[in-house]
Every structure is written in C-alpha cells, then in structure tokens.
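What follows draws every value from the coordinates through simple rules; no lab data is involved. Quick caveat: nothing in here was measured; it's all calculated off a predicted structure. Quick reminder, even Gly has a Cβ in these numbers, built from the backbone with ideal geometry, and neighbours come from all protein chains shown.
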Amino acid sequence: MKKLKYDFLNFEKNKKLVNNEEIYMSTSLIKYNDLGFRQERTFVVTVGAIYNIRKSSVQRRIPLEKLEAVTLSTLSSEFVLHVRDSYDYRMSSFERRKEIVEILAFLYIQVRKLATVLPVYYVETINLHKIMTTNGHLKKKQVIRPSKQCLKLMTLEDLGQRVELEEARITEIRKKTTMLFNPEKKEICIEDFDQLKILGQGAFGKVVLAQKKDNKRIYAIKILKKREILATDQLEHTLAEKLILSHVNHPFLVGLEYSFQTTERVYFVMEFMKGGELFQHLRKVKKFSEQQAKFFAACVTLGLGHLHTKNYIYRDLKLENILLDERGYAKLTDFGLAKFIQKEEKALTFCGTPEYLAPEVILGKGHNRPADWWSLGILIYEMMHGLPPFYSTNMNMMYKRAIKDTVHWKSNVKISNKAKDLIVKLLNKNPKKRLGSEADSLEVLSHPWFDSLDWTELLERKVKSPYVPDTSGTNWIHNFDSDFTSQKIRDTHLPKDIKVLRELQKHQDDFDRLNFNIDDERAKPS
C-alpha cells in the first residue's frame, strides 16, 4: 500500500489516523523482519485496524477483520499476529503484550459480533520465527500455523474485567493518548553528555557514567580507542558487539541506546546498571545463597538462550560481565568476544576467561553453544562456593583440572542435590553430552533445580529478586570498584600522529558500520 505520512507526535490535536479511524491505543515495541533482525516500531490500534509505523510513515495497515489468530510464547515476550491471506507479524513487548492481546481480543469480537473472542496459540518456544507465515511462504502458497493442540479460543469470561473497561472506553476514545515510540534519533556526539565518573577501564578504553545534557538521563558510555582496536585485530569483534547490542532486545541483555565516533574513538552509549558488577557483590558477601544463585543463573540462562537463537555464542561469561539493576535483576554485558555462528559450525579461536574455559576450547577442538553452558556451570558453582571449581593460581594446572578432574564439593557449603546435578551435567567434559547440547536453553530451563521459577513471570520482571543491591541516593557508587570511581575524568586527546590517522582513515568504511542505525543493512551479518 502507499505509505501515508502522518504527524504521529502531534496526533492528539487531530485525533484521527487515516480513513477517519480514531486511535485506540499506541505503544512502542520490537518487530522482527523475515531475517530475524529487530526493528523499533510504533504499534497503533484503531477501532478498525492495526498499524505498523516507522518514524512518521505507515508501513502496513491490517484491517481487524483480517486478524485470524495470535500466537504467544510461554517462555518469552514474543507474539505473532496471524493475518488471513497475507504474511504474519512477529513482535515483542516486555511490558504491554498482555494488554495488547486483550485489546485485540476485545476488538475482535466487536468486529465479528460473536461470543468467541480471539483464537490464541500458546507455544513453549522462546523464538517464534518458525511459527509464522512469511512472504517466502506466501510465494509457495504455504500457511504456517502452530499445532491445533496449542490452540485456545478466548471467551468473554477469559477477558474478565477487560470487557467492562474497554466497553466504556470504546464509546469515548481517551482524549489524551501518549505515543511511546522514540522519534528519529538525531545525530549526537560526546559533547552532548556530561561525563561524571569512571566505572571501569581496560586495554581498549574505559566505561564512564554520563548524563545527557538535554533530558538529564544517565547512561554508561563505553569508549574505545580505534588504534587499539586495530593494533589488537579486534575490529570484527567490535563490529559484532555493536551488532548484538543494537539488534538483540532482551530483558537480561544490556541494550544500546546510541553509538557514534570521532576520528580516534568509538562510543557505545548503553543503559546504566546501578547495581554494578555481580563480581563486586560476591566479593562483599563471599558466597550467595542457593536461592540467590538460582535467580541470577535463571536471568543468565534466558539471556544466553536468546543470544543462541540469534546464532551468537557469548564466550565470555563471568561475574564481571553480569550487571545488576536497582531491582536485583541480572543482565549480560560486554559482547566483544561473541561470535555469529551456525549451530553445526565450530569456532576455533582460543578466547575467554581462563577459569571459565570449556575443555574443547582449551584443547582447540572447536566449540559452539555448549561452551557457554560449561561456563554457566562454573558460574553457578562459583556463586555458591566463592571460587570456581577448578581454580588454581597456576594457569596450566587449572586447565588440566578442567580437562580431567571431577567436581568436588566443599563440606562447609550446603547445596541441594538438584543444584549439584545441574552443575555436574553442565560441566560434562564431552560437549555432545553436556546439558544444553541438544535443545540448548530449553534443556537447561527444564532442569528440576529451576522448577520453583515461573519463566514468564521472570521475563516480565514480576519476580522479586532475593538479592537487591543498595542503589539509594549516592550509595550506588559502592557497587563499583573504587579503584575506578575514585579516578578523575581526564578526556585527554590522543597524539595527532599523522601515520596513525592515515591508518585509521584506511578503515573508516568499517568504522562507519559502528554508528547506530537500526535499519543499516551493511551492519547485518551475511
């Protein structure tokens, strides 16, 4: 259809969308294209249709009478709108999925004047890309739907209070409706931020706490030196990190807000996690309780599983790369060692943190997703014991133990048999027999140790964390290493070495791919 221009930021003044349809609800969400890449979109429902809006342009209008069914993942916040005689939409909304489905169900009955509301499929799959009809399927005259065993026909009783709420609302659309989608991101630079504190520092650069001058929002900015990236042959890893940050949307993965660059540096602007590194908290308390370790492990498992569905292996799981928010939820960060790889392939690069390396990585036999599950086993053990299971100050001895030794349990640490069983299965020396080698995260999530957790509730952040860091007032600063936070910000400029600048210029096309643009085709893996 022709893309209709409309000023969505000021629609409150007009109260009309197109075809004299009044806006019923609007929200920002993530839409996935056929290749699985996320796209930030505005999802608008009127009394007659569903709209997919990019910036100020209507990409597609789906009449409500064309909506055939909805598929919901019971393990993630993804959902699919099945459209009659057309291709489907796969979307994700962590905060408003339930509301969206209930509103669509209510409007569905308004259109059809029937007692049965929306047909809904409930599927135990995190990623719904295989349960939708794409343009490719349409060309082959194929229609993809889940098994009928997953189908449930919603009734008015299922909607409960929603019916009364929406019947009152349908007669008079709210006078004020807030568009939640982000307007087009303007070009920004480091001068748009006030740099406040150093949060961390490494070989390639540093992470600083910064406040955006216009909206006063707080961010963590990772600042990388281009010449260090080139000198250590890390350009492809840096590109992969940017790609993951900008295209992977998950409640337990740290997200990217902006990225930009100068002649000599690259800047990744990310959400600020006030709880700091999990490493700092374990150092304070020495050991986590089993309940606390289980909660953090659950967040990490869901994050790793989501990366794997996008064909990325993480390869750098450790306490330092797990950050806590103010509610005690854990998120993975630092995707510099992540690799885009198909399930049947093997990566050969020796990389990662020594204490967490799987035997197949140490021996150079090639590795894939099971190496991440080995690292999860090390992490769970370390959280409850205070040290990794094969730890030694002698690195070669530590490698030998990881390859040959069995797991030993300390008598002064009380751990349930279920926890021990999970750790042993994750630390199987044979990656083909390791837990997670067949069905990936679903195998791990299905282990009895996690039986007490409601995965949907966890994904929707409705579970109370058993460990909540102190982030009140300025206390958050104690969640970070004082060796860094006590340093003064010195944004010194690199020497204007003409040879260095010429070398950087040769790679400028590659560095340009690091700028944030969610629809940049060049940034996608081939």
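Using the Cβ atoms and a cut-off under 13 Å, what net charge is assigned to the surroundings of P251, where Lys and Arg are +1 and Asp and Glu are -1?
Once positives and negatives cancel, what remains is -1.
What does the charge count near L357 come to, summing +1 for each Lys or Arg and -1 for each Asp or Glu among other residues with Cβ under 13 Å from its Cβ?
+2
How big is the gap, in Å, between the Cα center of region 115-141 and the Cα center of region 256-318?
32 Å
Calculate the length of the line joining the C-alpha centroid of region 357-389 to that of region 189-248, in whole Å.
28 Å
Which net charge results for the neighbourhood of L302, defined as the other residues with beta-carbon distances under 15 angstrom from its beta-carbon, given Lys and Arg at +1 and Asp and Glu at -1?
Values: positive: K294, K310, K331, R369, R461, K462; negative: E78, E124, D325, D372, D440, E443, D454, E457, E460.
Net charge around L302: -3.
Stretched out fully, how many nm does the piece from E228 to N475 gain, at 0.36 nm a residue minus the Cα gap?
Full extension of this stretch gives 85.5 nm more.
If contacts are Cα pairs under 8 angstrom and at least 6 residues apart, what is the relative contact order of region 193-351 in percent?
With pairs under 8 Å counted, the relative contact order is 21 percent.
Using alpha carbon centroids, what distance separates region 88-102 and region 397-447, in Å?
36 Å
What is the calculated FRET efficiency for R327 to L138, with r their C-beta to C-beta distance and R₀ = 41 Å, to the nearest 0.05?
0.45
Distance cut-off 27 Å, Cα to Cα: go down the list K206/K287; K420/K464; K432/K464 and report the pairs above it.
Details: K206/K287 29 Å; K420/K464 24 Å; K432/K464 35 Å.
Going by Cα-Cα distance, K206/K287; K432/K464 fall outside the 27 Å limit.
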